Amino acid sequence: MDSLSPAQNQTDYPDYRAILKKYWGYDAFRDLQEDIIHSIGEGRDTLGLMPTGGGKSITFQVPALAQKGLCLVITPLIALMKDQVQNLRKRGIKAVAIYSGMTRQEIIIALENCIFGDYKFLYISPERLATEIFRVKLRSMKVNMITVDESHCISQWGYDFRPAYLKIAEIRQLLPGIPVLALTATATPEVVKDIQERLLFKEENVFRMSFERKNLAYIVRKAEDKHSALLHILRKMPGSAIVYVRNRRKTKEITELLQHEDITADFYHAGLNNDLKDLRQKRWQNGESRVMVATNAFGMGIDKPDVRVVVHMDLPDSPEAYFQEAGRAGRDGQKAYAVILYSNADRISLKKRITDTFPEKEYIKGLYEHLNYYYQMAMGDGLGCMYEFNLDEFCRRFKYFPVPADSALKILSQAGYIEYTDEQDNASRLIFTLRRDELYKLKEMGAEADALIQTILRSYTGVFTDYTYINEESLSLRTGLPHQQIYDLLKMLSKRRIIDYIPHKKTPYIIYARERVELRHLQIDKSVYEERKQRYEKRIEAMLEYVSSEHHCRSRMLLRYFGEKNMHNCSQCDVCVTLHKRPTTLADWEDLKKQISDVLLQEAYTPAEIANILEVSADELAEVMQFLLDEEMITLKDGKVIQLKT
């Protein structure tokens, strides 16, 4: 890893580099990692802005390991939680996760392990913070720091606001003096300020990595025939690729297209089972498959540094989402490309997402009523009730289209009436409810059950203290027993209270966050609906401006959106390359900028007056003036142009 500017190596600091070397095998930190680690290690509330792939997890895992006690990690990404817990355990570090869909017994065991079991990390979804059981157990935990991942979710100005994040301030009150490390890969200036206020920072303390990617060329290509354009790109640019599409159907269609053209490809979306996801990800990681065609479900926790091109077949609905997905290219520092294929129809389909994402309030209320019918929920009942939820079945029964129905459920979740989890693929898991010595005293279980128990004990560790993920197929191979018999034996052992067995399930969940209310009392606040809709529209407009601009450097547009002032063009995006290919046009452009600047040194003028003085057309002037306004080099006041900087 590249080392960054060395932080002060004072003798009273823990040896963070030794911890990094011991558990991760690296000799030095990179980018801002060490500065953030020293800040949180000193007990200061800290906000780290690190783009995707910047190594965020190291910034809280290292300082937490340097101290006694437990690090509380709050994140909404269940897949990432499971992945990080698994990786920490592989390194011999005790970690556990709590999220929606776990049984009460699983949650109690996990929490008690955090109190008595010398665990170092507790990953928890924000929705679980408000539960009484968590708050009671939290009082007995020795917490050394709180990490808030995806911290932009706490801000209503952010692109992924989650009301449950607001509960973090209450958790801080229960843990006085415990510092907070907030992390995010994407935040505008107003979101940066809002995060610190809502997390009750004692002082402003922000570490920013530049969002500029000097090795990444941003390209927007106008293409009515996107399939041909995609094939052209992949044939022209060798190396590993990701192709992002909007829906699951397209992942399969485009994969088949590529395979037909002798380009190795797999597809990936949230609907696949975990084994298939893992297999396809491994094939892509090791180069057996060159292209991964995916929805935005692909990417979290993916660490493949040599991706040469990321292609978007459909427009993302925000610069934040685009920046994260495009940023998965070129993490090895070598030249890479982020390409959007854009057609005239994209503008219409992107605008349609506004009505799909924010259906009318009456529609939302009607869906809430049907949800209560679906679960036969009586008025005043429901608080804390958790149910498996099948969106397709619900939509068939009550005649809804899935996309707006899904959005309505999310708005009801934002408004605090329900908790609506994403689809979760939970592997089978078990825990022995008897002690090991009691287990050996058991008789009359049969040879097959004995063989299964012995195989479980040889294959998995920690089965007496924590729920352990198991694989019935693997147990079948090791015991020689049929898969169905393994399942039946596990159910039998569970009924006899020898184990607690939770079979594999793949489903979202609906949890009632409050009792069922009458429709006339259902309130969807402005902050949840109108204000969020307005901000969503602005993000879509910013995305449309990005793809339709022909005179602004793409890199500078993205950097400006995130509040980073960059006074040089990237010289490698399609706009920069086009302007450099037309030296006369570029020379004229730069000359006109200088002439405007010279005129404004004298005094302020209206645009029409400037056009007269310079003897240029209004259209020609307007183009350059818009550029100067965007770059904040000029401003308009009372109809006159004022120069801000030369």
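General observations
- Sites residue 494 and residue 541, calculated FRET efficiency, Cβ-Cβ separation with R0 51 Å, nearest 0.05: 0.40
- The residues packed around residue 439, meaning those with a beta-carbon under 13 Å from its beta-carbon, carry a net charge of +3 if Lys and Arg are +1 and Asp and Glu are -1.
- Under the Debye formula (equal points on every Cα, no solvent term), log10 I(q)/I(0) of the stretch 442-553 at q = 0.13, 0.14, 0.16 Å⁻¹: -0.68, -0.71, -0.81
- Label zone of residue 334 (point 7 Å out along Cα→Cβ, amide N under 19 Å): in the stretch 226-269 this covers 233-243, 264.
- Using every pair of distinct Cα positions in the stretch 41-86, the Kirkwood expression returns a hydrodynamic radius of 12.2 angstrom.
- When peptides 450-463, 380-393, 408-421 are sorted by average Cβ neighbour count within 10 Å, with the highest value leading, the order is 408-421, 450-463, 380-393.
- Computed label-point distance, nm, for sites residue 156 and residue 483 using a 7 Å Cα→Cβ extension: 5.0 nm
- A simple spin-label model places pseudo-atoms 7 Å from Cα toward Cβ; at residue 454 and residue 278 they are separated by 2.6 nm.
- Interchain or long-range residues, amide H under 5 Å from residue 143's placed H: 70
- All aspartates and glutamates inside 19 Å of residue 351 as judged from Cα atoms, apart from same-chain residues fewer than 8 positions distant: 160, 224, 314, 317, 320, 360, 406, 530, 531, 537, 541, 545
- Taking each residue as 0.36 nm, the span from residue 622 to residue 635 lengthens on full extension beyond its C-alpha to C-alpha distance by 3.3 nm.
- Accessible surface, 1.4 Å probe, highest first, among residues 275, 488: 275, 488
- Projected label distance in nm at residue 90 and residue 615, using a 7 Å step from Cα toward the beta-carbon: 7.1 nm
- Proximity of backbone amide H atoms, modeled 1.01 Å from N, is registered between residue 148 and 74, 181, 182, 183 at under 5 Å, excluding neighbours fewer than 5 places apart on the same chain.
- Helical runs assigned H by DSSP (4 residues or longer) give the chain a calculated mean residue ellipticity at 222 nm of -13500 deg cm²/dmol, each run adding -39500 (n - 2.57) before division by the residue total.
- Stokes-Einstein diffusion for the chain, with the hydrodynamic radius set to the Kirkwood value over Cα pairs and evaluated at 10 °C in a medium of 1.306 mPa s, equals 57 µm²/s.
- With a Förster radius of 35 Å applied to the beta-carbon distance between residue 26 and residue 68, the computed FRET efficiency rounds to 0.90.
- Looking at the chain, the accessible area is 47 square angstrom per residue; that uses a 1.4 Å probe and ignores ligands, DNA and RNA.
- Angstrom value of the Kirkwood radius, inverse mean 1/r, which spans all Cα pairs in the stretch 363-517: 18.2 Å
- Whole-percent carbon and sulfur share, accessible surface of the chain, 1.4 Å: 49 percent
- The stretch 2-150: Rg to Rh, with Rh as the Kirkwood radius over Cα pairs: 0.97
- Using alpha-carbon coordinates, inclination of helix 583-602 to the longest axis of the chain, degrees: 70 degrees
- Ranking 460, 486, 433 by how far each Cα lies toward the positive end of the dipole of the stretch 423-505 (charges on Cβ) leaves 433 at the top.
- Qualifying trypsin sites (Lys or Arg not before Pro) in the stretch 73-114, DSSP loop, other Cβ atoms within 10 Å at most 14: 91
- Under 27 Å from residue 137, Cα to Cα: lysines that are on another chain or at least 8 residues apart: 68, 82, 90, 94, 120, 167, 202
- Cα-based helix-to-principal-axis angle, 402-414 vs the chain, degrees rounded to 10: 80 degrees
- Computed packing ranks the peptides 264-272, 134-142, 223-231 as 264-272, 223-231, 134-142, most packed first, by mean other Cβ atoms within 10 Å.
- Cα-based reach from residue 252 at 23 Å (exclusive), listing lysines while leaving out same-chain residues under 8 positions away: 226, 236, 277, 282, 304, 506
- Inter-part distance where the stretch 363-395 and the stretch 508-543 are each reduced to a Cα centre, Å: 16 Å
- Note, ³J(HN,Hα) from phi for the stretch 604-610, Karplus 6.51, -1.76, 1.60, rounded to Hz, x at Gly and Pro: 7, 9, 6, x, 5, 5, 5
- Secondary structure note: in the chain, about 30% of the DSSP beta bridges are antiparallel.
- Principal-axis tilt of helix 56-65 within the chain, Cα atoms, nearest 10 degrees: 50 degrees
- Rounded to 0.05, the FRET efficiency of the residue 550 and residue 410 pair, given R0 = 45 Å and the Cβ-Cβ distance, is 0.80.
- Within-14-Å neighbourhood charge of residue 485 [Cβ basis; K, R +1; D, E -1]: -3
The values are calculated or read from the model by the stated rules, or taken from the named source; none is laboratory data. As the structure is a prediction and not an experimental result, all values here were calculated from the model. Counting neighbours? That spans all protein chains shown, and the Cβs are built from the backbone with ideal geometry, glycine included. Side chains included, ligands, DNA and RNA excluded: accessible areas come from the protein's heavy atoms. Shrake-Rupley method; radii C 1.70, N 1.55, O 1.52, S 1.80 Å.
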